[in-house]
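Structure, as structure tokens:
The values are calculated or read from the model by the stated rules, or taken from the named source; none is laboratory data. The model shown is predicted, which means the values in this text are computed figures rather than measured ones. We place every Cβ from the backbone using ideal geometry, glycine too, and count neighbours over all the protein chains shown. Accessible surface is based on the protein model in full, side chains and every heavy atom, while ligands, DNA and RNA are left aside. Shrake-Rupley method; radii C 1.70, N 1.55, O 1.52, S 1.80 Å.
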Amino acid sequence: MGKCYPFGEIEAKWQRIWEERGTFRAREGGDKPKYYVLDMFPYPSGAGLHIGHPEGYTASDILARYRRACGYNVLHPMGWDAFGLPAEQHALQTGISPKINTDQNVEKFRSQIKRMGFAIDWEREINTTDEDYYRWTQWIFLQLFKHGLAFVDERPVWWCPELKAVLSNEEVINGRSERGNYPVERKQLRQWVLRITAYAEKLLDGLERLDWPDSTKRQQQAWIGRSEGMEIDFAVENSTKKITVYSTRADTLMGVTYLVLAPEHSLVEKITTQANGKAVADYRRETARKGDLERTDLAKDKSGVFTGAFAVHPLTGEKVPIWVADYVLPSYGTGAVMAVPAHDDRDYEFAQKFHLPIRTVVGPQGAEPELPFCPEGVLRNSGEGLDGLDSAAARGVFLNRLEAKGMGRSAVKYKLRDWLFSRQRYWGEPIPILWVSEEDYGPLKRMKDSPFQEFMPDEPVFFEENGRRFYAIPLPSSQLPLVLPTVEDYRPSDGGESPLSRAKWWIEVEVQGHTGEIRPAGGPPGDGWFRASRESNTMPQWAGSCWYHLRYLSPHCATAAVDPTAEAYWGCPDFYIGGAEHAVLHLLYARFWHRFLHEIGVPTTVEPYPKLFHQGIILGEDGSKMSKSRGNVVNPDRVIGDYGADALRLYEMFLGPLEAMKPWDSRGICGVSRFLQRAWSWFIGEDGTLSSRFRGDAEENALTQRILHSSIKKVREDIEELRFNTAISQLMVLLNHLQELPAAAPETGRIFLQLLAPFAPHIAEELWERMGGIRSIAEVPFPDYVPEKIATGTVTVVVQVNGKVRSELQVASDATREEVLRLAQADGIVGAHLVDREIVKEIYVPNRLVNFVVR
RNA sequence: GCUCGGGUGGCGGAAUUGGCAGACGCGCUAGACUUAGGAUCUAGUGCCGCAAGGCGUGGGGGUUCGAAUCCCCCCUCGAGCACCA
């Protein structure tokens, strides 16, 4: 690039001034309406800022600056989601503590983000790993515990041997870890679990009112996976047992030819006949060994074994064999299904393989169905009074009949599973729980005045080990934050325990039931002292991001997670922007916590993020995902050094629609850089002083007025609709026109700068100041357009003959239909196409077009 | 396999309710200024054609005076879900 405006100097200058003046500090109160813009806060990775980060942040910054200029009191904060596995793995490799590593990374991220010149209130910066932050994360956990929503359970969990960590359902993709793509397996472990399923219905209903991308709503909907069906009881022949199945297609009840139990189903052992015992046991063992990848691989053949037992059809009394097969999942519905091979793909495949009977009971009206026939249809072969009914009606009839016999009921099921909340890791929030023995729990529970009563749930939470019970005791808030202790060794144990479990001095404690005091084990015995062990698991990374939008409102509040006055003023974010990869993880968990917190009286809002937007991904120059191995990574520091932050901001917004996936183009940034250079040169002459083109007496002609005012209109509308690429192109159109003018009114220059300011704030501030601006351009009201200056006297009307454009006319905007048609016919080129033709129809669209239909 | 969302010049992308397809930018061509140009400025730039004109929004069909836009079929790319009964 040739000569450049001094962006390096200007950008540093204005970033310093904004900080010194506190230009973007947000305070509660005043008459202005509030506007809270939130970015998904970054995980400060060691790699530093990625070129993708500034995309979302610039978008939110444009909105923040625009809204401020439109008279809103704007809150635009930033912080760090800094717990997480990479810092811990880094510690394992280097021995540097995650704390130190994280602090360094935050330092780097902060300085890189500051170089972008965002209108952020840095006094509100938060960090999920700060004690003052996570004490409230722990407090929220205790509230969940108190309300019976946090409990422990021995359950099969996803265990990743490579990461030596337990993963949540959401963190496992096709049998591999989301992070690192390592294989995972099933393992029985005692785990903390949050009862998110209790909120399934609310989380589903709440989606409707959210202004979110459709695809994200659909993803959450599918994840919650509500289905309506029936539970149907099948008696087991020669037994008092019954098998309850769940089905959404009870209309196919008469087509049942066998039942299937999940291998883990508790009845399997009880009903299997002796003759089949070995085969079933072998099969169950085989299933247990398999990872879910193997088990759920769709391509694989169906497998299963016969139990030797039979069930009794609740309506026909017919005997149907009971099988065990791993295509039935233990964790959904009742873990047992009625198999209707004629009308279910999976049952059909299974029946084919094991030569089980197939009975057709539903089909299209009239024609014979091709099996398996899975859509709804009309009943056949189902018996008197049923044949001919459509599926929905048939379900109603079956429901009545089964209900009458006490053998069926309607039921709603969800795919959503409870949230596995403990991690066997070091770098996370310690779970503020103590474990005491059964003998100590009783007395402690009876101390009504004990601080340990503060978060005590109605139902005790306990686990059993070697025949002994251990009870969970919540720390009182006086003991928060429970600080993550310093340890030497960050390795998890092979047995799946947290590195914290090795810190015996921290784990083994004694608690004073009366006072809430806690001391290391080995103190003198006395009244009210009990032995206890701390919970060694930590919280998953999602915990801190579940409520950070609330912490920004009063980041320094020492008495509450969020100050009620601040919360009452700011409420929840009016706009939330971040990547689509969080569609079901962070966004579902945060909705759960926020709603829970709302129910216990913390935030006044029910939903945390009423309006959400996902920015797209910026691909490498070769059109593939940016990655070190491909060597197509663009370094933001480098770009800022070469072209300046304004150019980077402008370029990322100009690339294409904000939500789209788009490739980086290193030549494209030259284009926007040239635009900024041209803008600079329009204001500043060769000698470095304000250009002489600005004359107080200059008056813009109608064309200039029209372009200027339609630019104001378009920029306003485009910003509000997040169409930043077209807003910028309009700014280019405007500048292209202004450059043609021999002289300009200072006011015209100022309006141009105000329109530019949200996108390229540094250059706009600098030129604004040189144009005589006293206040920061960020604080000057955004210009409004004058409609009369856009709608000038004449409009262009296109003239078509048989739909083909032949000419265009300049006519007065208030011209009548007759006048325009007459002018159109009088047009020379049009006339040539009308010669010897008969006009059969005349189409007239006011101020737009004329179309002659001829023969 | 199922469910969504896309396919517009050499490239990124524009186009209220169906009403001038290709705004803006990149690139390219020619010219100017220059010792020089990967700087700047000027002009041009969808395709075919000397022109008149014709053809053009993944392909095919349809509705309409008029379709990138609406309807049907097909091709293709991307995302999500993936034995949830």
Under a 1.4 angstrom probe, counting protein chains only, how are A:Ile829, A:Ile618 ranked by accessible area, largest first?
A:Ile829, A:Ile618
In square nanometres, what is the average projected area of the Cα convex hull of segment A:671-772?
6.1 nm²
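Just in segment A:155-258: which GluC sites (Glu not before Pro) are loop by DSSP and have at most 13 other Cβ atoms within 10 Å? Kindly include the intermediate steps, with their values, before the conclusion.
Values: sites: A:Glu162, A:Glu170, A:Glu171, A:Glu178, A:Glu185, A:Glu201, A:Glu208, A:Glu228, A:Glu231, A:Glu237; in loops: A:Glu162, A:Glu178, A:Glu208, A:Glu237.
Those that pass, being in a loop and sparsely packed, are A:Glu162, A:Glu208.
Let me know the shape class of segment A:327-422, please: from the alpha-carbon gyration tensor, a ≥ b ≥ c as square roots of the eigenvalues, rounded when a/c is under 1.5, otherwise prolate if a/b is greater than b/c, or oblate. Walk me through the intermediate numbers first.
Details: a/c = 2.20, a/b = 1.36, b/c = 1.62.
Oblate shape, in that a/c is at least 1.5 and b/c is the bigger or equal ratio.
Of A:Thr272, A:Thr94, which has the most accessible area and how do the rest follow, probe 1.4 Å?
On the way: A:Thr272 30, A:Thr94 70 Å².
Descending accessible area places them as A:Thr94, A:Thr272.
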Cα coordinate range in segment A:728-855, projected on the principal axes (Å, largest first):
68, 26, 22
Modelling each spin label as a point 7 Å along the Cα-to-Cβ direction, I'd like the A:Arg837/A:Glu747 distance in nm, to one decimal.
4.8 nm
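Rolling a 1.4 Å sphere over the protein heavy atoms, what is the accessible area per residue of segment A:329-369, to the nearest Å²? Please list the in-between numbers first.
Working: 1950 Å² over 41 residues.
Result: 48 Å² per residue.
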HN-Hα J couplings of segment A:786-794 from phi, Karplus 6.51/-1.76/1.60, θ = phi - 60°, integer Hz, Gly and Pro as x?
9, x, 5, 7, 8, 7, 7, x, 10
What do you reckon, how do A:Cys546, A:Cys4, A:Cys374 stack up by accessible area (1.4 Å probe), largest on top?
A:Cys4, A:Cys374, A:Cys546
Lys/Arg +1, Asp/Glu -1 at C-beta; chain A dipole; positive extreme among A:Leu420, A:Pro156, A:Asn101
A:Pro156
The answer for A:Ser422, listing residues at least 5 apart or on another chain whose modeled amide H is closer than 5 Å to its amide H, is A:Trp192
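What number results when the radius of gyration of segment A:423-507, computed over Cα atoms, is divided by 2.2 N^0.38 Å?
Normalised by 2.2 N^0.38 Å, the Cα Rg of segment A:423-507 equals 1.21.
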Out of residues 5 or more away from A:Ser177 or on other chains, whose amide H comes under 5 Å of its own, with H placed 1.01 Å from N in the peptide plane?
A:Tyr182, A:Val184
Given that compact globular proteins tend to follow 2.2 N^0.38 Å, what is the ratio of the alpha-carbon Rg of segment A:121-180 to that value?
1.55
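Based only on Cα atoms, what mean projected area does the convex hull of segment A:243-284 have, in nm²?
Details: hull surface 14.5 nm².
The Cα convex hull of segment A:243-284, projected and averaged over all directions, gives 3.6 nm².
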Using amide H atoms built 1.01 Å from N in the peptide plane, name the residues 5+ places from A:Leu849, or on other chains, whose amide H lies under 5 Å from its own.
A:Val798
By the Cα gyration tensor axes a ≥ b ≥ c (a/c under 1.5 gives rounded; else a/b larger than b/c gives prolate, otherwise oblate), the shape of segment A:598-662 is prolate
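Using r as the Cβ-Cβ distance of A:Asn381 and A:Val412, and R0 as 30 Å, what FRET efficiency do you calculate, to the nearest 0.05?
Working: r = 29 Å, r/R0 = 0.98.
For R0 = 30 Å, the calculated efficiency reads 0.55.
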Which whole-number percent of Cα pairs in segment A:808-855 have a distance greater than 14 Å?
46 percent
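So what is the relative contact order of chain A, in percent, for Cα pairs below 8 Å that sit 6 or more residues apart?
Values: 1542 pairs, mean separation 115.8, N = 855.
Result for chain A is 14 percent.
Want the number for A:Val786 to A:Ser111: 0.36 nm per residue separation, take away the alpha-carbon distance, what's left? If you can, show how the numbers build up before the last one.
Numbers: separation 675, 0.36 × 675 = 243.00 nm, distance 4.15 nm.
Working it through step by step, the gained length comes to 238.8 nm.
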Please give the solvent-accessible surface of A:Met732 in Å², to the nearest 10, using a probe radius of 1.4 Å with every protein chain present.
30 Å²
How much accessible area does A:Thr515 have with a 1.4 Å probe, in Å² rounded to the nearest 10?
80 Å²
With all protein chains modelled, accessible area of A:Arg176 [1.4 Å, Å²]
80 Å²
Segment A:581-709, relative contact order in percent, only Cα pairs under 8 angstrom and at least six apart counted:
19 percent
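Quick one: compute the contact order of segment A:470-575, relative version, from alpha carbon pairs under 8 angstrom and 6+ residues apart, as a percent.
Relative contact order of segment A:470-575: 17 percent.
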Taking the Cα centre as origin and putting +1 on Lys and Arg beta-carbons and -1 on Asp and Glu beta-carbons, what dipole magnitude results for chain A, to the nearest 20 debye?
720 debye
In whole Hz and in residue order, list the ³J(HN,Hα) couplings for segment A:484-492 that follow from phi through the Karplus curve 6.51 cos²θ - 1.76 cosθ + 1.60, θ = phi - 60°; x for Gly and Pro.
5, x, 7, 10, 8, 10, 9, 6, x
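Grab the alpha carbons of chain A, take their convex hull, and tell me the volume per residue in Å³. It would help to have the intermediate numbers written out before the result.
Numbers: hull volume 212.3 nm³, N = 855.
Value for chain A: 248 Å³ per residue.
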Where does helix A:53-69 land angle-wise versus the long Cα axis of chain A, in degrees 0 to 90, nearest 10?
60 degrees
So if R0 is 25 Å, what FRET efficiency would A:Val487 and A:Lys187 give, r being the distance between their Cβ atoms, rounded to the nearest 0.05?
0.55
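Using only alpha-carbon positions, what ratio does the radius of gyration of segment A:510-611 give when scaled by 2.2 N^0.38 Å?
On the way: Rg = 18.9 Å, N = 102, 2.2 N^0.38 = 12.8 Å.
Working it through for segment A:510-611, the quotient is 1.48.
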Check each of the GluC sites (Glu not before Pro) in segment A:346-431 and keep only those in coil by DSSP with at most 15 other C-beta atoms within 10 angstrom; list them in order.
A:Glu370, A:Glu384
Percent of alpha carbon pairs in segment A:342-389 separated by more than 17 Å?
34 percent
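Do the sum for chain A: with -39,500 (n - 2.57) for every DSSP H run of n ≥ 4, divided by all residues, what is the mean residue ellipticity at 222 nm, to the nearest 500 deg cm²/dmol?
Details: 28 runs with 297 residues, N = 855.
Mean residue ellipticity at 222 nm (helix-derived): -10500 deg cm²/dmol.
Assign one of three labels to segment A:150-279, namely rounded, prolate or oblate, based on the Cα gyration tensor with a ≥ b ≥ c the square roots of its eigenvalues; rounded applies when a/c is under 1.5, prolate when it is not and a/b is larger than b/c, and oblate otherwise.
Values: a/c = 2.29, a/b = 1.29, b/c = 1.77.
Oblate shape, in that a/c is at least 1.5 and b/c is the bigger or equal ratio.
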Measure nothing fancy, just the Cα-based angle from helix A:7-21's long axis to the longest principal axis of chain A, in degrees from 0 to 90, nearest 10.
70 degrees
Karplus 3J(HN,Hα) series, Hz, for segment A:586-595 with 6.51 cos²θ - 1.76 cosθ + 1.60 (x for Gly, Pro)
3, 5, 7, 4, 5, 5, 4, 4, 4, 5
For segment A:148-212, which semi-axes, largest first and in whole Å, follow from the square roots of 5 times the eigenvalues of its Cα gyration tensor?
27, 18, 8
